[in-house]
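No value in this document is a laboratory result; all are computed from the given coordinates. Predicted model only: the values in this text are computed from it and were never measured. Glycine gets a Cβ as well: all are built from the backbone with ideal geometry, and neighbour counts include every protein chain shown.
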Amino acid sequence: MKAFAMGLELIIILQQIVRIAVPYVLTSVGASFSERGGVVNLALEGMILAGAFGAAVGQHLAGSAAAGLALAVAGGLAVALLHAFVCVTMKADQIVSGIAINILVMGATRFASGILFGSAMNSPRIAGIEASSIFLDPLFLAAVISVAAGQFIMFRTPFGLRLRATGESAATADSAGIRVGAMRYGGVAISGVLAALAGAFLAFQQHSFSEGMSGGRGYIALAAMIIGQWNPAGAALASLMFASAEAAEMWLQSGLLPSRLVQSLPYVITLLVLAGFVGRSVAPREAGIPYNKGRGSE
């Protein structure tokens with residue numbers, strides 16, 4: 001009986017880790033496509049938030065999870081294309097663009113939530129996606145597929161080769177006939193779609209949209225991508241590590257440690273791991289550097 005209870009508790013912990021990991025995995029895999037193409041994507045928070053808001057609005061208005069997913073993807077893609085336009089077309093500073101977009105989306109979702117739901121803080125309850133287990137949730141399956149497909153696309157297809165070439169040397173890629181701007185737009189767009197699915201997962205799991213519900217997940221996913229060496233599979237493994245730390249935080253909150261110390265655990269682990277990995281990580285050479293045709297990267 002004791003062994004059965006321990007096994008049951010282990011399954012509960014595993015489900016909790018997976019539930020926490022899904023948004024990190026989706027977002028970090030998407031971030032790897034953006035940065036491999038040469039665009040630093042600090043706008044992930046805004047993309048997650050736009051996806052969560054779109055999912056809640058779509059299901060609230062249409063009564064359908066599919067409508068929620070469609071609107072979530074549309075919202076995340078719109079934010080991604082805005083980031084790409086500012087960074088790729090207008091050649092603005094990518095860090096500043098990402099932070100500004102996060103602030104913009106946070107304000108826009110509060111404003112729109114107040115108009116649509118009569119509250120800037122929360123939406124009415126939505127049904128979400130009915131699944132008997134987290135392992136049968138379509139968005140969990142999407143996260144698993146995104147890792148396998150992302151790894152294959154990035155390292156086994158002409159698109160992946162061109163994307164990586166664009167992030168390493170845009171001038172060389174351009175001279176080989178690769179459309180640098182289109183590749184960078186494509187990488188950012190992929191990150192927007194996957195981050196939006198992460199936001200939809202949050203809204204469906206919590207059965208509502210709430211202000212700022214991205215909760216720093218975009219930044220942790222960015223850290224997971226760096227630890228994973230800008231590689232979808234590596235980013236997913238790092239995401240599982242962070243999810244395990246967050247699950248441990250929940251289990252430790254009922255213990256003797258101060259609650260504020262326990263709540264800071266995932267962020268402390270993020271900083272410690274980054275401190276150990278960043279020096280050995282090699283980013284795409286021209287990530288964050290705009291490309292000016294005829295003058296190269298600046």
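In debye, nearest 20, what is the charge dipole magnitude of region 18-289 about its Cα centre with +1 on Lys and Arg Cβ and -1 on Asp and Glu Cβ, if you could check? Intermediate values should be presented prior to the final figure.
Numbers: 14 positive and 11 negative charges, 68 e Å.
Around 320 debye, computed over region 18-289.
Since only Ser97, Ala56, Phe135 are under comparison, the one whose Cα sits farthest along the positive direction of the charge dipole of region 18-289, derived from C-beta charges on Lys, Arg, Asp and Glu, is Ser97. In terms of packing, defined here as the mean over residues of other Cβ atoms within 10 angstrom, the peptides 11-18, 85-92, 64-71, 195-202 line up highest first as 195-202, 64-71, 85-92, 11-18. Placing unit charges on the Cβ atoms only, positive for Lys and Arg and negative for Asp and Glu, gives region 1-113 a dipole magnitude near 100 debye about its Cα centre. Dividing the convex hull volume of the alpha carbon atoms of region 49-206 by its residue count gives 114 Å³ per residue.
Taking label positions 7 Å along the Cα-Cβ direction at both Ile11 and Ile95, the computed distance is 4.8 nm, reported to one decimal. Applying Stokes-Einstein at 37 °C and 0.692 mPa s to the Kirkwood radius of region 18-289, computed over alpha-carbon pairs, gives a translational diffusion coefficient of 177 µm² s⁻¹.
Expressed in whole Å with the largest first, what are the equivalent ellipsoid semi-axes of region 9-121 derived from the C-alpha gyration tensor as the square root of 5 times each eigenvalue?
With the √(5λ) rule applied to region 9-121, the semi-axes are 25, 21, 12 Å.
Once both labels are positioned 7 Å from their Cα atoms along Cα-to-Cβ, the gap between Ile115 and Ser133 label points is 4.4 nm.
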